[in-house]
Amino acid sequence: MNLQHILRPAAVLLLAGHGLWAALPTTQQALALALPGAEWTRKEYWLTEPQAQQVQELAGTALAGLWQVSYEARGGGQLLGVAYLDTHRVRTLPETTLVVITPDGRIQRVEVLAFREPQEYLAREAWVRQFDGKRLDAQLSLKGAIRPLSGSTLTAHALTDAARRMLALHQVLQGEGK
């Protein structure tokens, strides 16, 4: 009997119970889900203090830092979308999301890439899909078009804030946040 077949599933169950493991997509998998067949280019930005302040004002929530990472998707010579990584705290532990934004400034897709809180607080796919097509406006809130998440209020707030931050970041980096 191969001991690996016994130990690996046991380790996965043990880690899953502590919020350390989840069957979440990698960055590359999430990008492929958002815009299949697109060519993605990674970009890094150091925001100025005024840009960071502008992002925070537009989003209505704090920005974690000045260094930001994005991925531009191109196909057929055209910009298809831009994806941004956002790492933030849910309750006491971090979550990383990828927010893909269309050229016209709407959310294409939100993917959770890492979630370190207990797995029962992880938002289900169907709940996360309600961000698709949303713009940065007053309706992108838990008091607007985003339904609350029963039993996971902090997760709902964290994901909504991440979506707002990345839409605001996109506007500022595209020169639209003035």
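The values are calculated or read from the model by the stated rules, or taken from the named source; none is laboratory data. Predicted model only: the values in this text are computed from it and were never measured. All Cβ positions, even for glycine, are placed from backbone atoms using ideal geometry, and neighbour counts span all protein chains on display.
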Applying the selection to region 129-148, what residues are surrounded by fewer than 19 Cβ atoms within 10 Å (Cβ to Cβ) and under 14 Å from the mean Cα position of the chain (by Cα)? R129, Q130, D132
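Working only within region 83-94, note down all residues that are of a type outside the set (S, T, N, Q) and either in contact with a His (Cβ under 6 Å, 6 or more places away or on another chain) or exposed (fewer than 14 other Cβ atoms within 10 Å of the Cβ) (or both). Let's see the steps before the verdict.
Restricting attention to region 83-94, the residues satisfying the condition of being of a type outside the set (S, T, N, Q) are 83-86, 88-91, 93-94.
Hit for region 83-94 is R89, nothing else.
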Out of (1) surrounded by 14 or more Cβ atoms within 10 Å (Cβ to Cβ); (2) over 30 Å from S150 (Cβ atoms), the one F115 does not meet is (2)
Tell me, please, whether a residue that is of a type in the set (K, R), surrounded by fewer than 22 Cβ atoms within 10 Å (Cβ to Cβ), touching a residue at least 24 places away in the same chain (Cβ under 8 Å) and closer than 27 Å to W67 by Cα can be found in region 165-173. no
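With the structure loaded, tell me whether A156 is in contact with a helix residue (DSSP H, G or I) (Cβ under 7 Å, 6 or more places away or on another chain) and small (G, A, S) or whether it fails that test. Steps first, answer last, please.
Numbers: in contact with a helix residue (DSSP H, G or I) (Cβ under 7 Å, 6 or more places away or on another chain): no; small (G, A, S): yes.
Spelling it out, it is not the case that A156 is in contact with a helix residue (DSSP H, G or I) (Cβ under 7 Å, 6 or more places away or on another chain) and small (G, A, S).
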Test L140 against the stated conditions and say whether it is more than 19 Å from L159 (Cβ to Cβ) and not basic (K, R). no
Given the condition among the β-branched types (V, I, T), at pLDDT 90 or above and either surrounded by 14 or more Cβ atoms within 10 Å (Cβ to Cβ) or out of contact with any helix residue (DSSP H, G or I) (no Cβ under 8 Å at 6 or more places or on another chain) (or both), answer yes or no: does some residue in region 5-20 qualify? no
Residue check: is T160 touching a strand residue (DSSP E or B) at 6+ places or on another chain (Cβ under 7 Å), modelled with pLDDT of 95 or more and within 20 Å of Q56 (Cβ to Cβ)? no
